[in-house]
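Okay, so here's the structure we're looking at.
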Amino acid sequence: MLKALFEKQMLELNQNFFRDRKTGKAKSKAGVRMSILFYVFVIVVLLGGFFSAIAVQLSPLIQMGYSWLYLIYISFVSLTFGIFGSVFNTFASLYQAKDNDLLLSLPIPVKYILAVRLMGVYLMGAMYSMVVYVPALIIYYVMGKASILSIPGTILFALLLTVVVLLLSCILGWLVAKINARLRHKSLITVVVSLAFFAVYYMFCMQANQVISNLILNAEATSEQIQRKAYCLYLIGRAAAGTGVPLLGVFVIVAVLFAGTILLLSRSFLTLAMAGRGGKKAVYKEKTVRKLSPDRALLVKEAGHLLSSPTYLLNCALGTVFLVVAGVALLIKMMWLRENLVTIMDGDALVVIAAGVICAMVSMNDITAPSISLEGKNLWLMQSLPVTPWQVLRGKLNLHLLLTEIPVLFCGICAWIVLRPHPLAGIAMVLLPMAYGALCATFGLSMNLCKPNLNWTSETVVVKQSGVIFAVIFGGWALLALIGVLYFLSYEMIPAAGFLFICVAVFAILSILLLRWLKGNGAKKLTEL
């Protein structure tokens, strides 16, 4: 029984290799090979290469005789990456698996279900952590600082590290499950946590080189501080290097923590796995319902769909967050920017660059691009409403413009305050991203009407793997690149303000043409889907 459950869990984890998420059908053998090769390329080449570069930068610590410090840093990065990569998978696979109800209703011991779920979590966390640790360990071996006798110890420590990743992921997943059982706006919390993760990740990437440089330059002082104030870290570093007694101590501690974590999960698994399944009984309360106009009701409906789907919100409306954050950052760094940019670079060039950067952030908003496809098999509900097809399309456009144009205006005004351009250039700098946002909204909706995908099995397929999404995003980037080339070729003949106003006019004309098509043929096409 345990073997059958384990095989089922492995098939569930690897189903993307063997099944097309768009159609739900099995992939061909060639498709399976391509999926596996692509996954291996991303994990081994891209991620492994990135963390190998970090390990190479840290390698002077090995030559300086601070191998344990090198291994501590790599262990911390490995642990962090493993936890971030598997904590939400822990919550989803342990407590929100779709077949939990079915398995719990069968004569299967709960400990078997928990065991196979934990094995899946362990393999996922081990993959993420070892993609960091294994390249660093190979570099450690190549540098010749590991003796033949210590190699088994370093390998054992690596295995213990994967167990620690499992334990911390399970504890954090347990906390997420406890919080999730009491939350009302769960999708919003998911979005906030995801954004926090992205912020931490980008901060790590930006600060990694500086931290590594400081660590190498101050290796002796850091070593003394750790040995004097955090001796346990020094012992962990010695254990990572394969030293017998510290490694034995780490093994015992991990074993005790593992036993305690398993005990905690076994006692709370059923309660958390079934939390919220029945839901509270609805109680009718008489209240006055405010009447909305058709346009406003459609806008509310689109906004509700966006806010209820973390996948849709994170992948198609992230530009709104970036525009607001960029505007605030411009105001905070105002004096530094004026000293280092405004006084060095040409004012016209700065205006064009600022407008281009804002447009690049606008490109991250592609709310309309999957909006028709996301209706899926419920498209008939829209078509049966007492509203015109153009009103339906306009509701989708209005949401995109509302979440794009207001942040663009805010970011553009902040850039104007910092750069202090000529009034005409400043107006053009603000208007260009707004016109570009309107073009992105109409183009995305037009493309989705021409190439809808209504037979998806997961929203992720429409939002992240759709050809329309790629066409809108890369088409927008290509257009911005073309504008940059044209400005470079013509900046001596046309002032920045004139060039930007020409671009604004072109974007406005294209947006109007697309609007006319949406109102006519586009609305007709919607009724025929």
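Test of understanding: among V387, V392, V408, which residue is surrounded by fewer than 22 Cβ atoms within 10 Å (Cβ to Cβ) and among the β-branched types (V, I, T)? Give the derivation first.
Values: V392 fails: surrounded by fewer than 22 Cβ atoms within 10 Å (Cβ to Cβ); V408 fails: surrounded by fewer than 22 Cβ atoms within 10 Å (Cβ to Cβ).
The conditions single out V387.
When you scan segment 447-468, how many residues do you find that are touching a helix residue (DSSP H, G or I) at 6+ places or on another chain (Cβ under 7 Å) and open to solvent by 10 Å² or more (accessible area, probe 1.4 Å)?
Going through segment 447-468, the residues touching a helix residue (DSSP H, G or I) at 6+ places or on another chain (Cβ under 7 Å) turn out to be 447-449, 451-454, 456, 459-460, 462-464, 466, 468.
Then drop every residue that is not open to solvent by 10 Å² or more (accessible area, probe 1.4 Å), which leaves 447, 451-454, 456, 459-460, 464, 466.
Residues flagged as touching a helix residue (DSSP H, G or I) at 6+ places or on another chain (Cβ under 7 Å) and open to solvent by 10 Å² or more (accessible area, probe 1.4 Å) within segment 447-468 amount to 10.
Can you name every residue in segment 51-68 that is free of Cβ contacts under 8 Å to residues at least 24 places away in the same chain and within 21 Å of A221 (Cβ to Cβ)? Let's see the steps before the verdict.
Going through segment 51-68, the residues free of Cβ contacts under 8 Å to residues at least 24 places away in the same chain turn out to be 53, 65.
Across segment 51-68, the qualifying residue is only G65.
Residue under question is L166, and the condition is that it be assigned to a helix (DSSP H, G or I) and modelled with pLDDT under 90; does it hold? Talk me through it step by step, then tell me what you get.
Values: assigned to a helix (DSSP H, G or I): yes; modelled with pLDDT under 90: yes.
Criteria met by L166.
Can you go through C205, C232 and tell me which one is at pLDDT below 70 and out of contact with any Lys or Arg (no Cβ under 7 Å at 6 or more places or on another chain)? Give the derivation first.
On the way: C232 fails: at pLDDT below 70.
Unique residue meeting the criteria: C205.
Report yes if some residue within segment 414-422 is at pLDDT 90 or above, assigned to a helix (DSSP H, G or I) and within 26 Å of I473 (Cβ to Cβ); otherwise report no.
Taking every residue of segment 414-422 in turn, at least one turns out to be at pLDDT 90 or above, assigned to a helix (DSSP H, G or I) and within 26 Å of I473 (Cβ to Cβ).
Any idea which of S35, S28, S52 is among the hydroxyl-bearing types (S, T, Y), open to solvent by less than 40 Å² (accessible area, probe 1.4 Å) and at pLDDT below 80? Let's see the steps before the verdict.
Values: S28 fails: open to solvent by less than 40 Å² (accessible area, probe 1.4 Å); S52 fails: at pLDDT below 80.
When all the criteria are applied, what remains is S35.
Looking only at segment 132-158, which residues are surrounded by fewer than 22 Cβ atoms within 10 Å (Cβ to Cβ) and closer than 30 Å to F269 by Cα?
Within segment 132-158, L156, A158 qualify.
If you go through segment 479-495, how many residues are open to solvent by less than 70 Å² (accessible area, probe 1.4 Å) and over 21 Å from V430 (Cβ atoms)? Quick ask: steps written out before the conclusion?
Residues of segment 479-495 that are open to solvent by less than 70 Å² (accessible area, probe 1.4 Å), as a first pass: 479-481, 483-484, 487, 490, 494.
Of the ones still in play, those that are also over 21 Å from V430 (Cβ atoms) are 481, 490.
Summing the residues that are open to solvent by less than 70 Å² (accessible area, probe 1.4 Å) and over 21 Å from V430 (Cβ atoms) in segment 479-495 gives 2.
Does W477 qualify as being in a helix (DSSP H, G or I) and either of a type in the set (S, T, Y) or touching a residue at least 40 places away in the same chain (Cβ under 8 Å) (or both)? Before you say what the answer is, go through the steps one by one.
Values: in a helix (DSSP H, G or I): yes; either of a type in the set (S, T, Y) or touching a residue at least 40 places away in the same chain (Cβ under 8 Å) (or both): yes.
Spelling it out, W477 is indeed in a helix (DSSP H, G or I) and either of a type in the set (S, T, Y) or touching a residue at least 40 places away in the same chain (Cβ under 8 Å) (or both).
For segment 289-341: of the residues being closer than 19 Å to V408 by Cα and polar (S, T, N, Q), which is most open to solvent (accessible area, probe 1.4 Å)?
The selected residue is N315.
Do you know which of the residues in segment 92-131 that are modelled with pLDDT of 80 or more and of a type in the set (K, R) is surrounded by the most Cβ atoms within 10 Å (Cβ to Cβ)?
Here the residue is R117.
Could you tell me whether A523 is assigned to a helix (DSSP H, G or I) and within 20 Å of A435 (Cα to Cα)?
Details: assigned to a helix (DSSP H, G or I): yes; within 20 Å of A435 (Cα to Cα): no.
It is false that A523 is assigned to a helix (DSSP H, G or I) and within 20 Å of A435 (Cα to Cα).
Name every residue in segment 419-445 that is more than 19 Å from L330 (Cβ to Cβ) and either open to solvent by 10 Å² or more (accessible area, probe 1.4 Å) or without any contact (Cβ under 8 Å) to a residue 40 or more places away in the chain (or both), in order of residue number. Walk me through how you get there before you give the answer.
So the first thing to find is which residues in segment 419-445 are more than 19 Å from L330 (Cβ to Cβ), and the list is 424, 435, 438-445.
Of everything in segment 419-445, those that are more than 19 Å from L330 (Cβ to Cβ) and either open to solvent by 10 Å² or more (accessible area, probe 1.4 Å) or without any contact (Cβ under 8 Å) to a residue 40 or more places away in the chain (or both) turn out to be L424, A435, A438, L439, C440, F443.
When you scan segment 120-150, how many residues do you find that are small (G, A, S) and in a helix (DSSP H, G or I)?
Keep residues of segment 120-150 that are small (G, A, S), which gives 120, 125-126, 129, 136, 144, 146-147, 150.
Checking which are in a helix (DSSP H, G or I) leaves us with 120, 125-126, 129, 136.
Adding up the residues that qualify gives 5.
From the list G476, G498, which residue is crowded, with 18+ Cβ neighbours inside 10 Å and farther than 20 Å from L306 by Cα? Spell out how you get there, then give the answer.
Values: G498 fails: crowded, with 18+ Cβ neighbours inside 10 Å.
That would be G476, the only listed residue that is crowded, with 18+ Cβ neighbours inside 10 Å and farther than 20 Å from L306 by Cα.
For segment 350-385, which residues satisfy the criterion of being touching a Pro at 6+ places or on another chain (Cβ under 8 Å) and outside any helix (DSSP H, G or I)?
Within segment 350-385, just I372 meets the criteria.
The values are calculated or read from the model by the stated rules, or taken from the named source; none is laboratory data. Predicted, not measured: the structure shown is a model, and the values here were computed from it. All Cβ positions, glycine included, derive from the backbone under ideal geometry; neighbour counts span all protein chains shown. In case anyone asks, the SASA skips ligands and DNA or RNA and just uses the protein heavy atoms, side chains included. Shrake-Rupley method; radii C 1.70, N 1.55, O 1.52, S 1.80 Å.
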